[in-house]
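Enquirer: I'd like to ask some things about the structure below.
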């Protein structure tokens, strides 16, 4: 599972296409909702302030989903940022339904996916979605039907680019028969690198890899001499070091740490200014593997 540094030169930006460039450190808008990603946020005003601060910090890539709330995250993005800056890229997702806090169920019927795209267009108040991602492949619906629906949405110019979430390499290859897969959103972080094969495939084909759960939850808050020393060396938090590691791991990795607080957003954004040495990277990589083997 050892993560090797990419041979591709590092860059702070990634080109989704020749005409669409984003800053690699983005923002995930899942947390501007209530407990369990359900309903309105506890501090509505702070959530709006956080969203307004995103472009002010130089971040021009926001990831959301119609199921966050549901609809709350998309609606707050519109309230805080519309009219949108020309260089702002908003990615949303569809294909998961909600039954309550922390409850999710995939639905991939073509008519449902089309309905959700139209709803996201209304929620965000746009005529075309910059990047739309299938949140999960519904195992009860033939994958080809879901991928063909995405092709239909692209052909109708309702979405500009399309991506997938929580997929394998064979599923990406199958989807590529219908449309260009621009991004993939799978779990990946300093501790959990089980999606290394997908990352390597994305790197070879220049597909953006959006790692969800980039901060490994509460695992990084535990005392660890190696991580603590590297964080101290860079005058940074462990979360900032974890994000800096992701940014150094591969130029196609596009982390989207989420928060509903301005202070945390500012701390996350500062991660892009941390320059880890190759020695730091190797030490972090090995320590991450040790932690994974101990916990899993």
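The values are calculated or read from the model by the stated rules, or taken from the named source; none is laboratory data. What you see is a predicted model; the values in this text were computed from it and never measured. Note: ideal-geometry Cβ built from the backbone for every residue, glycine included; neighbour counts use all protein chains shown.
Enquirer: Regarding residue 144, is this residue surrounded by fewer than 14 Cβ atoms within 10 Å (Cβ to Cβ) and in a helix (DSSP H, G or I)? Explain how you work it out, then say what you get.
Expert: Working: surrounded by fewer than 14 Cβ atoms within 10 Å (Cβ to Cβ): yes; in a helix (DSSP H, G or I): yes.
Spelling it out, residue 144 is indeed surrounded by fewer than 14 Cβ atoms within 10 Å (Cβ to Cβ) and in a helix (DSSP H, G or I).
Enquirer: Output the residue which, of all residues in the stretch 114-141 that are more than 20 Å from the chain's Cα centre (by Cα) and not in a loop (DSSP other than H, G, I, E, B), is farthest from residue 76 (Cα to Cα).
Expert: Looking at the filtered set, the residue picked out is 114.
For (1) under 26 Å from residue 58 (Cα atoms); (2) modelled with pLDDT of 95 or more, each residue gets a yes or a no:
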| position | (1), (2) |
| --- | --- |
| 196 | no, yes |
| 199 | yes, yes |
| 209 | yes, yes |
| 215 | yes, no |
| 232 | yes, yes |
| 250 | yes, yes |
| 255 | yes, yes |
| 262 | yes, yes |
| 266 | yes, yes |
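Enquirer: Could I ask something else about it? For the stretch 147-164, give me the residue count where each residue is more than 23 Å from residue 211 (Cβ to Cβ) and in a helix (DSSP H, G or I).
Expert: So in the stretch 147-164, the residues more than 23 Å from residue 211 (Cβ to Cβ) come out as 148-149, 151-158.
Pick out the ones that are also in a helix (DSSP H, G or I) and you get 148-149, 151-155.
Summing the residues that are more than 23 Å from residue 211 (Cβ to Cβ) and in a helix (DSSP H, G or I) in the stretch 147-164 gives 7.
Enquirer: Name every residue in the stretch 27-50 that is in a helix (DSSP H, G or I) and surrounded by fewer than 24 Cβ atoms within 10 Å (Cβ to Cβ), in order of residue number.
Expert: So the first thing to find is which residues in the stretch 27-50 are in a helix (DSSP H, G or I), and the list is 29-31, 44-50.
If the condition is that a residue be in a helix (DSSP H, G or I) and surrounded by fewer than 24 Cβ atoms within 10 Å (Cβ to Cβ), then 30, 31, 44, 45, 46, 48, 49 are the ones that fit.
Enquirer: Could you check the stretch 175-186 and list, in sequence order, the residues that are within 22 Å of the chain's Cα centre (by Cα) and crowded, with 16+ Cβ neighbours inside 10 Å? If you could, list the steps in order and put the result at the bottom.
Expert: Applying the first criterion (within 22 Å of the chain's Cα centre (by Cα)) to the stretch 175-186 yields 175-176, 179-186.
Hits for the stretch 175-186 are 175, 179, 181, 182, 183, 184, 185, 186.
Enquirer: Going residue by residue through the stretch 169-186, is there one that turns out to be under 13 Å from residue 108 (Cβ atoms) and modelled with pLDDT of 95 or more? Working first, answer last.
Expert: Taking the stretch 169-186 as the starting set, the residues that turn out to be under 13 Å from residue 108 (Cβ atoms) are 171, 175.
Checking the rest, the ones that are also modelled with pLDDT of 95 or more come to 171, 175.
Yes: one or more hits.
Enquirer: Does any residue in the stretch 111-132 that is touching a residue at least 24 places away in the same chain (Cβ under 8 Å) and at positive phi come within less than 8 Å, Cβ to Cβ, of a residue that is assigned to a loop (DSSP other than H, G, I, E, B) and surrounded by fewer than 17 Cβ atoms within 10 Å (Cβ to Cβ) six or more places away or on a different chain, and which pairs are these?
Expert: 125/82
Enquirer: Tell me which of these residue 159 doesn't satisfy, since it passes every other one: (1) over 17 Å from the mean Cα position of the chain (by Cα); (2) surrounded by 16 or more Cβ atoms within 10 Å (Cβ to Cβ); (3) modelled with pLDDT under 95.
Expert: (3)
Enquirer: Within the stretch 94-112, is even one residue assigned to a helix (DSSP H, G or I), under 19 Å from residue 67 (Cα atoms) and in contact with a helix residue (DSSP H, G or I) (Cβ under 7 Å, 6 or more places away or on another chain)?
Expert: Here is the first cut: in the stretch 94-112, the residues assigned to a helix (DSSP H, G or I) are 110-112.
Pick out the ones that are also under 19 Å from residue 67 (Cα atoms) and you get 110-112.
This time we only want the ones that are in contact with a helix residue (DSSP H, G or I) (Cβ under 7 Å, 6 or more places away or on another chain), so: 110.
Yes, the stretch 94-112 contains a residue that is assigned to a helix (DSSP H, G or I), under 19 Å from residue 67 (Cα atoms) and in contact with a helix residue (DSSP H, G or I) (Cβ under 7 Å, 6 or more places away or on another chain).
Enquirer: Let me ask you something else. Are any residues in the stretch 192-215 surrounded by 21 or more Cβ atoms within 10 Å (Cβ to Cβ) and assigned to a loop (DSSP other than H, G, I, E, B), and if so, which ones?
Expert: 195, 207, 210, 211, 214, 215
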